[in-house]
Amino acid sequence: MKVLVLNAGSSSQKSCLYDLPEGAFPETAAEPIWEAMVDWGIHPDYGQLTVTAQGTEHEIRLSRDTPNHGLEEMLATLVQGETPVLGALTEISIVGHRVVHGGDRYCQATLIDEAVKQTIEELIPLAPNHNPAHLEEILGVEAVLGDVPQVAVFDTAFHTSIPAAAATYPIPYDWFEKGIRRYGFHGISHRYCAQQAATLVGKPLESLRMITAHLGNGCSLTAVRGGESVNTTMGFTPLEGLMMGTRSGSIDPAIPLYLMTQMGVEASEVDRLLNKQSGLKGIFGPSGDLREILQAREGGDERARLAFEMYVLRLQGAIAALIPQLGGLDVLAFTAGVGENSAAVRSATCAGFEFLGLELDESKNQGSAKNSRISTANSGVAVVVVHAQEDWAIARECWQLARCP
Ligand code: ADP
């Protein structure tokens with residue numbers, strides 16, 4: 001079964017094609033047979049389409065007036081050009097889209113019909129940088145591939161199980177009724193990470209009290225009990241919670257008001273500062289890339305040291321805040337760019353939880369292979385590293401829906 005996965009961002013479109021068996025779903029993630037990405041943010045004059053297939057990578061330039069942001073050109077490389085992988089586009093059985101915002105209406109992956117499209121459109125005010133791109137892509141696939149089944153896999157869906165006490169903000173209640181509530185994001189990654197973590201510790205997911213830490217450019221934690229999300233650190237928008245690469249995470253809500261009323265900063269500029277110029281980048285300066293910060297810290301850079309300490313302190317505080325709701329902690333799972341690659345972050349973070357009996361095996365932590373347990377056999381909390389595989393998780397949802405719609 002050929003499953004096409006599409007992941008549209010505000011200035012780029014990523015896609016990949018999996019060739020999955022009809023029988024049982026593979027236990028370990030397979031590599032896609034084709035990957036493509038259109039990036040409109042690299043060059044002012046053209047979009048760059050990069051295609052990886054059959055062990056090679058090649059680039060194609062797309063003019064700025066290409067319709068559908070280059071979706072048709074991207075899909076054409078499946079059947080023609082340097083590395084065709086299909087005889088015809090009709091071989092594609094199902095198409096899965098990562099959709100950032102599904103509100104509180106969709107708790108699982110859903111076959112796209114008119115009602116789903118309408119919901120994605122209605123939620124544009126809550127996800128102005130993403131939902132328009134998702135909608136455009138869904139309509140683009142209809143135009144190019146006809147009536148192939150399409151599936152929306154929502155980033156918010158995993159968190160629809162969060163209880164009201166965790167989903168409601170302590171503001172006038174009628175705001176909640178107007179949709180101002182915690183939605184949570186990174187749900188596809190958190191759900192997949194929790195499932196993989198349970199496999200790594202060899203226990204049923206339903207029996208575990210777990211915190212999944214998705215630490216990439218965006219960062220969030222999810223408390224998972226009985227296999228369900230019961231709380232998460234991102235909220236109404238992906239700006240809340242942990243300190244991130246360029247996003248502030250939670251700060252005193254009076255700060256933006258002060259900037260606007262006392263310092264004359266426009267709302268749009270506050271938005272840009274908090275989303276693009278804050279977090280690790282805001283403190284360190286040159287970038288929000290943790291690799292650069294760790295290197296600068298080695299060289300004695302004070303702001304790099306401060307940024308790292310703040311990042312870890314806030315991470316520890318957020319982990320600690322979720323534990324009472326779980327009633328304890330069996331598993332702490334790290335995933336995504338920082339979570340998978342930074343032994344320094346894992347080590348410094350875990351050091352604060354020795355009082356729980358958590359004991360890292362430092363040699364495993366330093367040399368951690370993707371998908372491994374890095375705590376000692378006697379540790380009071382199992383600590384694991386899970387390789388984030390968002391596209392693979394989306395392909396699995398599609399595969400399941402294709403078999404049992
Ligand atoms: P995104 O959230 O955009 O999908 P990723 O999950 O790929 O991002 O994470 C990107 C971040 O991971 C980078 O900004 C970088 O800070 C961090 N990262 C990647 N490799 C390493 C590494 N070896 N050590 C520390 N941080 C790393």
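The spread of Cα positions in the stretch 41-105, taken along each principal axis and listed from longest to shortest, comes to 43, 35, 22 Å.
Seen through its C-alpha gyration tensor, with square-root eigenvalues sorted a ≥ b ≥ c, the stretch 272-324 comes out oblate because a/c lies at 1.5 or above while a/b is not bigger than b/c. Beyond 26 Å in Cα-Cα separation lie the following of the pairs LYS2/LYS203; LYS2/LYS276; LYS117/LYS370; LYS117/LYS276; LYS14/LYS370; LYS178/LYS281: LYS2/LYS203; LYS2/LYS276; LYS117/LYS370; LYS117/LYS276; LYS178/LYS281. Can I get the semi-axes of the stretch 189-233's equivalent ellipsoid? Compute them from the C-alpha gyration tensor as square roots of 5 times the eigenvalues, in angstrom, largest first. Equivalent ellipsoid semi-axes, largest first: 18, 12, 6 Å. A simple rule links phi to the HN-Hα coupling: the Karplus curve 6.51 cos²θ - 1.76 cosθ + 1.60 with θ = phi - 60°, which for the stretch 87-100 gives x, 8, 5, 5, 5, 6, 7, 7, 10, x, 10, 6, 10, 5 Hz, with x for Gly and Pro. Computed on the chain, with alpha-carbon pairs under 8 angstrom and 6+ residues apart, the relative contact order is 14 percent.
Dimensions of the stretch 117-194 from C-alpha coordinates, computed as largest minus smallest value along each principal axis and given longest first, are 47, 30, 18 Å. Taking GluC sites (Glu not before Pro) across the stretch 201-266, the ones in a DSSP loop with at most 16 further Cβ atoms lying within 10 angstrom of their Cβ are GLU266. With just the Cα atoms defining each centre, how far is the stretch 216-274 from the stretch 148-208? Give it in Å. A separation of 17 Å, based on Cα centres.
Can you pull out the trypsin sites (Lys or Arg not before Pro) in the stretch 172-259 whose DSSP state is coil and whose Cβ has at most 11 other Cβ atoms within 10 Å?
LYS178
Rounded to whole Å, the principal axis extents of the Cα atoms in the stretch 231-347 read 47, 40, 20, largest first.
Over all directions, the projected convex hull of the C-alpha atoms in the stretch 152-223 averages 6.1 nm² in area.
Approximating the spin labels as points 7 Å out from Cα along Cα→Cβ, the LEU356-to-GLU142 distance works out to 4.6 nm. The 3J(HN,Hα) values that the Karplus relation (6.51, -1.76, 1.60; θ = phi - 60°) gives for the stretch 245-261 are, in residue order, x, 10, 9, 5, x, 5, 9, 4, x, 6, 4, x, 5, 4, 4, 6, 7 Hz. Gly and Pro appear as x. Rounded to the nearest 5, what % of DSSP beta bridges with both residues in the chain are antiparallel? Counting DSSP beta bridges with both partners in the chain, the antiparallel share is about 70 percent. Based on every Cα atom in the chain, Rg and the maximum pairwise Cα distance Dmax equal 21.5, 64 Å. Approximating the spin labels as points 7 Å out from Cα along Cα→Cβ, the GLN400-to-ALA320 distance works out to 3.6 nm.
For a paramagnetic label modelled at 7 Å from the Cα of GLN54 toward its Cβ, which residues of the stretch 67-109 fall within the zone defined by backbone nitrogen distances under 11 Å? Zone members listed by number: 79-86. Per the Debye calculation on the stretch 303-354 with a single equal scatterer at every Cα and no solvent contribution, log₁₀ I(q)/I(0) for q = 0.16, 0.25, 0.26, 0.32 Å⁻¹ amounts to -0.49, -1.08, -1.14, -1.35. For the chain, with a Gaussian network of springs between Cα atoms less than 10 Å apart, report the residue from ALA127, ALA321, ALA30 with the top mean-square fluctuation. Answer for the Gaussian network model of the chain: ALA30.
Distances between every pair of Cα atoms in the stretch 309-405, grouped in 5 Å steps from 0 to the bin holding the largest one, split as 3, 12, 21, 21, 16, 10, 8, 5, 3, 1 percent.
As a proxy for reagent exposure, ranking LYS117, LYS276 by other Cβ atoms within 10 Å from fewest up yields LYS276, LYS117. Annotation note: trypsin sites (Lys or Arg not before Pro) in the stretch 281-380 located in DSSP loop regions with a Cβ neighbour count of at most 14 within 10 Å are LYS370.
Bear in mind that the values in this text are calculations on the coordinates, not laboratory data. Every value quoted in this text rests on a predicted model; they were computed, and no experiment measured them. Quick reminder, even Gly has a Cβ in these numbers, built from the backbone with ideal geometry, and neighbours come from all protein chains shown.
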